[in-house]
1. Quick one: would you say A:Leu228 is in a helix (DSSP H, G or I), surrounded by fewer than 23 Cβ atoms within 10 Å (Cβ to Cβ) and either at pLDDT below 80 or not acidic (Asp, Glu) (or both)?
2. Being part of a helix (DSSP H, G or I) and surrounded by fewer than 24 Cβ atoms within 10 Å (Cβ to Cβ) is the filter; apply it to the range A:251-282 and report the residue that is modelled with the highest pLDDT.
3. Exactly one of these conditions fails for B:Gly150: (1) on the phi > 0 side of the Ramachandran plot; (2) more than 14 Å from every other protein chain (Cβ to nearest Cβ). Give me its number.
4. Take the residues of the range A:248-280 that are polar (S, T, N, Q) and within 9 Å of another protein chain (Cβ to nearest Cβ): which is farthest from A:Ala105 (Cα to Cα)?
5. Spot the failing condition for A:Met204; the list is (1) under 19 Å from A:Ile128 (Cβ atoms); (2) exposed (fewer than 15 other Cβ atoms within 10 Å of the Cβ), and only one is missed.
6. Quick one: in the range A:19-33, which of the residues that are without any contact (Cβ under 8 Å) to a residue 40 or more places away in the chain and within 12 Å of another protein chain (Cβ to nearest Cβ) is surrounded by the most Cβ atoms within 10 Å (Cβ to Cβ)?
7. Among the numbered conditions (1) outside any helix (DSSP H, G or I); (2) buried (at least 21 other Cβ atoms within 10 Å of the Cβ), tell me where B:Ile87 comes up short.
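The values are calculated or read from the model by the stated rules, or taken from the named source; none is laboratory data. The structure displayed is predicted, hence computed values, not measured ones. When we count neighbours, we look across all protein chains shown, and the Cβ atoms used for this are built from the backbone with ideal geometry, even at glycine.
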Amino acid sequence: MLLFLGKRLLQLLPTLFFVSLIIFSLQQLLPGDPALAMAGEERDPAVLEQIRRQYRLDQPLPVQYVYWVGGVLSGNLGESMRLKEPVLTLIAQKFPVTLQLALMAILISLVIGVSAGVISAVKKNTPIDYAVNLVALWGISTPNFWLGIMLIFLFAVYLGWLPASGYVGPLEDFWLSLKTTILPAFVLGNSFAAVLMRHTRSAMLQAMSSDYVRTARAKGLAERKVVLKHAMRNALTPVVTLGALELGTLLSGAVLTEQVFSIPGFGKLIVDSVFNRDYAVVQGVTLVTATTYILLNLLADIAYVLINPRLRS
Amino acid sequence: MAVSEALAHELAEESPGARAWRRLVKRKGAVVGLIIIAAFLAMAVLAPVLAPYDPIQQSWSTIRKPPSQLHWFGTDESGRDLLSRVIFGARASLLAGVVSISIALGLGVPVGLLAGYGGAWIDALISRITDAMLACPFLILAIALAAFLGPSLQNAMIAIGVTATPIFVRLTRGQVLAVKVEDYVEAARAVGNPPVRIALKHILPNILPALIVQATISVATAIIAEASLSFLGLGQQPPAPSWGSMLNTAQRFLTNAPWMAIWPGLAIFLIVLSFNMVGDGLRDALDPKER
């Protein structure tokens with residue numbers, strides 16, 4: 001296990017190096033003088049000079065990269081031009097909001113996706129199976145920002161049951177927090193539920209035709225017990241790791257969901273920064289998201305090894 | 001006996017493309033998807049003929065009118081006909097879907113071939129860069145690229161294309177690794193074919209099915225990505241019609257003019273659903289296990 005962990009950690013280093021290189025290179029795409037683009041409306045030569053010095057734009061590219069990575073490694077992701085605050089502080093403020101949304105989305109999609117997948121597999125080739133498959137195809141094909149707008153219309157404008165936008169933290173007011181986040185979490189988890197359903201269905205179908213399920217049935221066990229205790233337990237192993245991997249994808253989906261529901265999270269931070277030409281924040285958010293995704297990948301791999309006894313040795 | 005022999009002979013004569021097509025059209029979902037895609041394509045090409053009004057012509061006397069006989073889909077906040085804007089919007093979406101995936105294929109396939117066939121350090125280098133790009137969530141990397149390149153449909157297509165490239169690099173590399181140990185590749189090498197010829201003439205045709213399936217599904221992803229970037233203001237710029245930017249405007253008028261949000265969203269949903277259905281059908285039709 002330790003050897004596996006060591007190997008995986010070593011593999012991470014080149015990936016992290018190239019991630020940093022890609023995100024650093026984004027700055028080179030800015031048309032014209034990067035300092036001028038970064039300054040936005042500001043044309044004061046003193047400010048431009050300060051930007052050039054701060055980002056070492058007057059130095060050769062490899063030197064700029066070394067300074068940038070050095071800063072990143074010591075926790076300095078630069079400073080927001082707009083909010084005049086360190087990028088890391090901004091990210092630390094917004095991250096819990098998006099994390100809450102993503103965790104709720106995963107919970108919703110696990111409940112919907114896994115149960116629909118199991119039912120679909122057990123009722124294979126029946127109208128229920130076809131209906132569940134159609135709903136899954138609908139879930140994968142619906143753009144989540146459109147679903148969000150339609151649900152706002154239904155639940156906030158038409159029925160008036162839930163707020164259309166805004167966010168309240170769970171520590172401030174738990175119930176209000178739930179009311180403000182339930183719709184966005186559902187929207188965010190919608191396509192993931194569909195993906196989970198498809199994976200659960202195929203894993204369950206495989207498990208249901210295996211020898212151990214046939215043995216369990218031959219022993220005279222009730223079908224309910226065979227499905228829930230024997231087939232589902234084994235089928236869900238890959239699904240668990242898929243859940244960890246999808247947290248990274250959900251961070252991506254959160255950009256649109258947060259925009260639709262005006263939730264002040266990670267996604268809204270990157271969009272607001274894009275429109276205010278706050279490039280240090282764009283780079284910082286991309287870097288943190290990519291690193292989170294890589295670490296989740298690692299956790300998923302470890303979880304897979306821990307859950308599956310055959311891989312432990 | 002004679003009948004089965006004739007059938008076997010006929011099947012042996014059938015080209016792989018014709019065989020895949022025959023299997024594809026047997027799948028109802030894929031056929032429905034193909035019909036809807038064809039309808040949207042016709043809509044995009046014939047937009048000037050089909051659209052009842054100029055999609056950017058503003059009219060202060062028809063602001064936010066609900067669907068009627070004059071305006072089947074209603075009008076928007078500037079009095080523009082929504083049906084005409086949805087019809088013209090198909091151009092941006094389909095163009096973005098096809099162009100960005102062509103960019104991804106054009107970059108990803110040669111690099112994947114190089115990684116898979118070249119092996120050694122080239123493979124290691126390309127694989128690490130691919131891993132790094134795949135580690136950046138798709139939309140966030142596309143947003144970051146589009147932000148640095150500047151907001152426009154062209155830049156959105158480049159951003160989506162570049163972001164989708166690693167998927168094709170990884171797929172091509174994996175397929176090449178599986179195919180290059182086959183006997184016919186060994187034989188081609190043994191008779192002295194140069195590596196470029198082996199890669200293009202012997203390996204590429206055999207990995208095409210997997211690439212076609214992935215490209216079809218990726219077009220759906222690219223259309224959603226373009227709509228998402230336009231929704232955020234990073235794609236097609238107003239007043240040119242785009243389904244994503246139409247939804248952005250519609251959200252502001254949800255209380256007074258909910259119809260503004262229905263049609264562009266439905267159009268995105270339908271086209272994406274169709275590409276997904278065709279992709280699923282192609283996967284089954286091209287699967288060697290089905291033969």
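1. So A:Leu228 passes the test.
2. The first filter runs over the range A:251-282 and keeps only residues part of a helix (DSSP H, G or I), leaving A:251-260, A:266-275, A:279-282.
Retained after the next criterion (residues that are surrounded by fewer than 24 Cβ atoms within 10 Å (Cβ to Cβ)): A:252, A:259, A:268, A:271-272, A:274-275, A:280.
On the way: A:Ser252: 77, A:Gln259: 92, A:Lys268: 87, A:Val271: 88, A:Asp272: 87, A:Val274: 83, A:Phe275: 81, A:Ala280: 85.
Result: A:Gln259.
3. Every condition holds for B:Gly150 apart from (2).
4. If we take residues in the range A:248-280 being polar (S, T, N, Q) and within 9 Å of another protein chain (Cβ to nearest Cβ), then A:Ser273 is farthest from A:Ala105 (Cα to Cα).
5. Failing condition for A:Met204: (2).
6. So in the range A:19-33, the residues without any contact (Cβ under 8 Å) to a residue 40 or more places away in the chain come out as A:22, A:25, A:28-29, A:31-33.
Right, trim to within 12 Å of another protein chain (Cβ to nearest Cβ) and you get A:22, A:25, A:28-29, A:31-32.
On the way: A:Ile22: 20, A:Ser25: 12, A:Gln28: 10, A:Leu29: 18, A:Pro31: 10, A:Gly32: 7.
Checking each candidate, the answer is A:Ile22.
7. Unmet condition: (1).
Each row is one residue, and each column tells you yes or no for (1) over 13 Å from B:Val169 (Cα atoms); (2) of a type in the set (A, V, I, L, M, F, W, C).
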| position | (1), (2) |
| --- | --- |
| B:Ala90 | yes, yes |
| B:Gly97 | yes, no |
| B:Ala104 | no, yes |
| B:Val109 | no, yes |
